[in-house]
Every structure is written in C-alpha cells, then in structure tokens.
1. Along Cα→Cβ, 7 Å out, is where each label goes; now give me the distance between the ones at Asp203 and Arg107 in nm to one decimal.
2. State, to one decimal in nm, how far the label point of Ala124 lies from the label point of Leu30, with both points 7 Å from Cα in the Cβ direction.
3. Taking R0 as 22 Å, what FRET efficiency do you get between Arg220 and Asp137 from their Cβ-Cβ distance, rounded to the nearest 0.05?
4. Taking each pair of different alpha-carbon atoms in the chain once, compute 1/r for the pair, average those values, and report the inverse of that mean as the Kirkwood hydrodynamic radius in Å to one decimal.
5. Kindly provide the helix-only [θ] at 222 nm of the chain, computed as the sum of -39,500 (n - 2.57) over DSSP H runs of four or more divided by all residues, to the nearest 500 deg cm²/dmol?
6. Assuming a ≥ b ≥ c are the square roots of the Cα gyration tensor eigenvalues, decide whether segment 1-77 counts as rounded (a/c under 1.5), prolate (otherwise, with a/b larger than b/c) or oblate.
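No lab work stands behind these numbers, since they all come straight from the coordinates. As the structure is a prediction and not an experimental result, all values here were calculated from the model. Every residue, glycine as well, gets a Cβ built from its backbone with ideal geometry; the counts of neighbours run over all protein chains shown.
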Amino acid sequence: MDTPRPPKSFLLTSELADYLVAHGTPPDALQLGLIAETAKLGPIAGMQIAPEQGAFLTIITRLLGVRSAIEIGTFTGYSALCIARGLPPSGRLICCDVSDEWTAVGRGYWDQAGVADRIDLRIAPALDTLAAFGPDDQFDLAFIDADKPNYANYVDALVPHLRPNAVLLVDNVLWHGAVVDPNADDENTQAIKAFNDRLAADDRFEVVMLPISDGLTLTRKR
C-alpha cells in the first residue's frame, strides 16, 4: 500500500517510507479516510502523526495492557484512534485539545471504528485539565504531541498521575534535524532542545529516543 502522503521523517526517502509502511501493519481504509480528510486542511495537516507511528501506538498500547491513557494534543484524532484501538473495551483515553474544529474531524472516525466510548475528549488548555485531576486519576500511558514550549510543563503536570512503570511518549523530539543545527534558534527548536536535555537527565524516568517519524521519545516512569 502506498504511503498516503510524503514521509514525515527527514531520515527517510519517499521510497523507504513506502517500504517501511508496507512491511508493517498499514493504515486500513478507515485510517486512510481520516488521513485524506485531514489533508484537505492544507499544510497544517503535517501535524498528523505518520502511519507507522500510529501502528506503533496501537501495538505498544496492546503490549503493555494499557487500561487508562491520556494524550496532550489530539489534532484531527489519528493518534487517539490508534491508541483507543489498542485499549480493551473497558479502557479509557482522555484527549486534551483546544480546537473543536480540528477534533471534530476525528470524532466520526472514532464512531466508525467503534472506539468512541473509550475516548473522553476535553476541549480546554491541557494544563487546566491536568490541574483538575485528583489523586485517583492515574494513567498507564501518556502521549504528548502539542505546543513545544509547554512540553516540560506537561511532563511535570503528568508525573503525579503516571503509575509506576507507566510509559510516556513524546513526539517531534528531533524536529526535522533542527535539534543539532547550531543556527536554529527559533522558539520551538530551542524549547525542544531544552526539553530533550532535561528529560534525558530526569531521574524520574528511564529514557530512549527513537528515530520514528520526526523523533519519538519513549520513557518508563520509575
């Protein structure tokens, strides 16, 4: 199956991206429909995670037996769809986003996939949603893919709500290679570089950075 858009990973050629997706579990017709509908939004569609990253999210959710998950940054709902598919029927995924318009694109696909009842979408600044949690709000998996300057704040707010051995995943940590470009001094690049340095030294987590898509950091909470 052809990759439905150019690869997000700057490490891959289009041919290798096609090969990589074809030799994993490729997007099904429902996922391809969501990708195509998101593409109609124009360049902003680049915020959607890559197909191989979606497959990874589903697999790791299933492998870990995740029952409760949270994501910071939902966009048009592809990552939520992939995580929710990895949950058991009784599982739950809280999605934090500020856009009714973008998340509305995904809601119909969640319904078609039969996972809408596992997803609790909360339209509000994620830090406000996290601040409202009580001690019993605990998660097995968290995925962060939102505004880069707040990455560190999201992690700090999540830590009290991550169970021991919980997995935290953070997207875009390679930022198209800009993290090693000494001339890249824009706000997002600087924020990601500072965040990567901080997380690598954070003794609350075991950390590995994976070259999946635009870079995906996988951590285990100690």
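1. Computed distance between label sites Asp203 and Arg107 equals 4.6 nm.
2. Going by the 7 Å Cα→Cβ label model, 2.9 nm.
3. That pair, Arg220 with Asp137, gives E of 0.65.
4. 17.6 Å
5. Numbers: 8 runs with 84 residues, N = 222.
So the helix-based figure for the chain works out to -11500 deg cm²/dmol.
6. Oblate, because a/c is 1.5 or more while a/b does not exceed b/c.
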